[in-house]
Amino acid sequence: MKRLQIKTAQNVNINFTLANVGQRLLAFVIDNVLKFAYLYFAINILNFRMFEAAVGGDNWSIRAIDVMIFLPITFYSLYSELLMNGQTIGKKLMHLKVINIEGFKPSTTDFVMRWFLRVIDFNLFMLLFVYIISLGLGNYDALLWLIFLLGKMVGFFLILFTNKNQRFGDIIGNTVVIYLKDEVKFSETILENISETYTPTYPNVIRLSDNDARIIKNTFQSARKFKDYKTLIKLRTKIQEVTEIKSVHKSDTEFIDTVLKDYNYYTQNM
């Protein structure tokens with residue numbers, strides 16, 4: 001598997017395993033199975049078509065109903081990745097995650113760009129295909145289907161042959177897809193999941209280095225897992241000594257967790 005090495009501002013290297021084309025293809029298949037299941041449910045179970053009779057055959061109203069049915073699957077990957085922190089259901093099942101090329105959480109603009117450019121990655125020749133079909137220029141079925149399939153596989157070939165396994169949407173959106181179930185797990189890096197509306201509490205965390213943050217996180221996770229309260233107290237004391245922070249939290253766990261999140265906030269937004 002290919003790996004992505006990111007060097008932080010403090011010259012600390014963080015390694016991620018890039019998702020390969022097979023893993024991404026399986027995630028894509030899972031997501032599309034869910035989309036088709038939704039369509040079947042919407043058309044056959046919810047029976048949206050009953051509204052067509054109510055609008056009296058008005059074409060514009062029928063098209064509006066069609067748009068309403070297809071909206072959830074049209075924007076599926078966009079709202080899934082925004083709400084699920086870089087994952088769709090397929091990616092989550094395959095242990096994949098979208099991150100920024102610098103190792104941080106992608107911005108909303110990054111997610112929008114990679115979603116919008118699916119039109120190139122998976123539907124590059126779709127309009128040409130539809131146009132040629134509409135002309136009825138004879139029996140060119142084999143050629144037409146070849147054009148259709150090649151258009152669908154642009155993203156596949158880009159992931160296969162680019163250095164960082166990126167489709168066009170990833171390249172323009174400045175993102176990569178990583179494999180989380182790895183010996184170097186995402187949870188073992190200094191990165192924390194923080195929302196765009198996160199408000200930091202301790203500005204003095206900038207006195208820490210990336211290496212300090214990594215040691216704090218590893219020690220914190222181990223101590224919390226084994227309920228080692230003595231280590232948590234020592235860790236809190238050491239952080240306060242180095243940063244000169246006065247804790248406003250009632251527990252050591254809340255304090256250290258906030259310190260790690262604040263460190264990520266300031267290092268990502270400086």
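The values are calculated or read from the model by the stated rules, or taken from the named source; none is laboratory data. Small disclaimer: the values here were computed from a predicted structure and weren't measured. Cβ coordinates were reconstructed from backbone atoms using ideal geometry, including for glycine residues, and neighbour counts include every protein chain displayed.
If we scan region 244-252, do we find a residue that is over 26 Å from T197 (Cβ atoms) and over 28 Å from the mean Cα position of the chain (by Cα)?
Checked against the condition, which is being over 26 Å from T197 (Cβ atoms) and over 28 Å from the mean Cα position of the chain (by Cα), region 244-252 yields at least one hit.
Quick grid of which residues meet (1) surrounded by 14 or more Cβ atoms within 10 Å (Cβ to Cβ); (2) at pLDDT below 70; (3) closer than 25 Å to Y198 by Cα:
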residue	(1), (2), (3)
M68	no, no, no
F104	yes, no, yes
S107	yes, no, yes
V130	no, yes, no
I'd like to check something: does region 7-23 contain any residue that is of a type in the set (V, I, T) and either at pLDDT below 65 or not assigned by TED's automatic domain parsing to the domain that holds N163 (or both)?
yes
Quick count over region 174-220, residues being at pLDDT 90 or above and of a type in the set (K, R), is 1
Return the pair list, or none, for Cβ contacts closer than 8 Å from residues in region 197-211 that are among the basic types (K, R) and assigned to a helix (DSSP H, G or I) to residues that are at pLDDT 90 or above and surrounded by fewer than 16 Cβ atoms within 10 Å (Cβ to Cβ), at least 6 apart or on different chains.
R207/V242; R207/E244
Mind checking whether some residue in region 27-48 is modelled with pLDDT of 90 or more, among the hydroxyl-bearing types (S, T, Y) and either part of a loop (DSSP other than H, G, I, E, B) or assigned by TED's automatic domain parsing to the domain that holds M113 (or both)?
no
Out of (1) assigned to a helix (DSSP H, G or I); (2) surrounded by fewer than 20 Cβ atoms within 10 Å (Cβ to Cβ); (3) among the polar types (S, T, N, Q), the odd one out for N264 is which?
(2)
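If a residue has to be at pLDDT 90 or above and either exposed (fewer than 14 other Cβ atoms within 10 Å of the Cβ) or not hydrophobic (A, V, I, L, M, F, W, C) (or both) to count, how many in region 70-86 make the cut? Walk me through how you get there before you give the answer.
At the first step, the residues of region 70-86 found to be at pLDDT 90 or above are 75-84, 86.
Checking which are either exposed (fewer than 14 other Cβ atoms within 10 Å of the Cβ) or not hydrophobic (A, V, I, L, M, F, W, C) (or both) leaves us with 75-77, 79-81, 83, 86.
Final tally of qualifying residues: 8.
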